[in-house]
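Report on one structure; see the data block that follows.
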Amino acid sequence: MKNKLLLAILAFGFISVGFTSSVVGPLLLSIKKDIPMDYFLSGIILSAQFFGIMISVLISGYFADKYGKKRCLFAGSLFLISGLAGSTLASSYIMLLTSLIIVGLGYGVYNIGLNSISIDYIKECSGEKQAGILNSLHFFFGIGAILGPILVSLSTELLKSWRIVFAFISVFPFLVNVLLVFFKYENVTGSLLNFNVLGIIKNYKIWILGIAILIYVGIEVSVYGWLPSYYEKSYSRFFIAPSLTATMFWISLSSGRLFLTGLINKMGVARYILISSVVLLLLSLLWVVFSGNILTLVLASLIGLVLSCLFPSILVLSTKEYPDSTGVINSIMFTFGSLGGFVIPSGIGKYLDLYGIGMMPVSILFLSLLFVASSLLIWKRTIRTK
């Protein structure tokens, strides 16, 4: 019963994170009709959650390890619900921006609690199996991410309202809090008094893994965030509604987390990351060289497939460095990730204002090249430590 309740909490938790992550980009097309903004301001809206995440994750890992991961998850849910409520009622750019930053604050605390509990749950497995199990749990994230753009399409096309989307998503963190009331969690913590902060700062591998996550999040957010706008502006005829292009991306990403787990177990985590990065670079190059309505959807979907298992895999490698302090290490990794999600999409927005939305694939190609470099360093460092 306890395991079933825990899995229900993790499932609803990851679904709500998936919803929250996937709707802002597709919603931009409708939000801009009520709240005018250029590509740069749109990029800031895409990045707003990550600004909030960047602030909250700096302390939430310590909070999770010291005061309990259940409390961390509960507190994150409350912030998440508050931010989503504010986004529902937003009548100006500043109000929407502020509300999404609050969503980010909650998202950061919420996600640290969620992932820390997940990693504690799978600690007894070997390293390679940990990556596989964590990828399977992240499949629930994919469910939310797939349904998010579909919800956007239904709400904006049938109900003519983008606000309903934020209101609906708030139901899921509320359900998590209700389930947490009935769940007794044996918190797994490390000895924070003996935790060597200086050792982490000097740990070259942690920095490499952090930079890899920074670039990864920048690529993921930029693809699913800008894809609907790119598709709408680049083609006169649509194979599908522009808002649903993000759904195709998330379907591929979620399918990868479900079906590619076995490859990690066979190849090893570091080698899998390296090979995936090379494939990502090749797909990005094809997107730059060849353009077309259907081809864009195919390449964006394949990019989602390649990205699918990278985040959980990098996360597992980082927590193996300090297995007794998963909350703090998750916090550090999410700080890198939120920095990537905050800086890169808004930077691309400024770039697109200058050179046009059609240059979006070029920015993804550049980021993919950086990710290959970081993946090569991860692989070399992992080989040396064996």
Search result, residues across the stretch 339-383 that are crowded, with 16+ Cβ neighbours inside 10 Å, closer than 19 Å to SER291 by Cβ and hydroxyl-bearing (Ser, Thr, Tyr): TYR351, SER363, SER368
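Filter the stretch 1-35 down to the residues that are part of a loop (DSSP other than H, G, I, E, B) and touching a residue at least 24 places away in the same chain (Cβ under 8 Å), then identify the one that is surrounded by the most Cβ atoms within 10 Å (Cβ to Cβ). Walk me through it before giving the result.
Initial filter on the stretch 1-35 (part of a loop (DSSP other than H, G, I, E, B)): 1, 23, 35.
Next, only the ones that are touching a residue at least 24 places away in the same chain (Cβ under 8 Å) stay: 23, 35.
Numbers: VAL23: 27, ILE35: 19.
Applying the filter and picking the extreme gives VAL23.
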Which one of the conditions (1) closer than 15 Å to THR245 by Cβ; (2) among the hydrophobic types (A, V, I, L, M, F, W, C); (3) at pLDDT below 90 does VAL269 fail to meet, given that it meets all the rest? (1)
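Sort through SER234, SER191, SER252 and tell me the only one that's polar (S, T, N, Q) and either buried (at least 24 other Cβ atoms within 10 Å of the Cβ) or modelled with pLDDT of 85 or more (or both). Lay out the reasoning, then the answer.
On the way: SER234 fails: either buried (at least 24 other Cβ atoms within 10 Å of the Cβ) or modelled with pLDDT of 85 or more (or both); SER191 fails: either buried (at least 24 other Cβ atoms within 10 Å of the Cβ) or modelled with pLDDT of 85 or more (or both).
Checking each option against the conditions leaves just SER252.
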So ILE45 passes all but one of these: (1) under 21 Å from SER92 (Cβ atoms); (2) in contact (Cβ under 8 Å) with a residue 60 or more places away in the chain; (3) within 16 Å of the chain's Cα centre (by Cα). Which condition number does it fail? (2)
Counting only residues in the stretch 254-290 that are among the β-branched types (Val, Ile, Thr) and within 22 Å of the chain's Cα centre (by Cα), the one nearest to SER318 (Cα to Cα) is identified as VAL269
Out of (1) surrounded by fewer than 16 Cβ atoms within 10 Å (Cβ to Cβ); (2) closer than 26 Å to PHE140 by Cα; (3) of a type outside the set (A, V, I, L, M, F, W, C), what's the single condition that is false for SER291? (2)
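Quick one: count up the residues across the stretch 204-218 that are touching a residue at least 40 places away in the same chain (Cβ under 8 Å), surrounded by fewer than 20 Cβ atoms within 10 Å (Cβ to Cβ) and over 14 Å from VAL372 (Cα atoms). Before you say what the answer is, go through the steps one by one.
Taking the stretch 204-218 and keeping what is touching a residue at least 40 places away in the same chain (Cβ under 8 Å), we get 204-206, 208-218.
Restricting the remaining residues to those that are surrounded by fewer than 20 Cβ atoms within 10 Å (Cβ to Cβ) gives 204-205, 211.
Keeping just the survivors that are over 14 Å from VAL372 (Cα atoms) gives 204-205.
Within the stretch 204-218, residues that are touching a residue at least 40 places away in the same chain (Cβ under 8 Å), surrounded by fewer than 20 Cβ atoms within 10 Å (Cβ to Cβ) and over 14 Å from VAL372 (Cα atoms) number 2.
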Those residues of the stretch 330-386 which are among the charged types (D, E, K, R), within 21 Å of TYR204 (Cβ to Cβ), out of contact with any Lys or Arg (no Cβ under 8 Å at 6 or more places or on another chain) and assigned to a helix (DSSP H, G or I), in sequence order: LYS380, ARG384
When ASN265 is run through (1) surrounded by fewer than 17 Cβ atoms within 10 Å (Cβ to Cβ); (2) touching a residue at least 60 places away in the same chain (Cβ under 8 Å); (3) within 16 Å of PHE371 (Cα to Cα), the failure sits at (3)
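Given VAL316, VAL372, which one is in contact with a helix residue (DSSP H, G or I) (Cβ under 6 Å, 6 or more places away or on another chain) and at pLDDT below 85?
Values: VAL372 fails: at pLDDT below 85.
After ruling out the rest, the residue left standing is VAL316.
The values are calculated or read from the model by the stated rules, or taken from the named source; none is laboratory data. Predicted, not measured: the structure shown is a model, and the values here were computed from it. Using ideal geometry, Cβ is built from the backbone for each residue, glycine included, and neighbour counts are taken over all protein chains shown.
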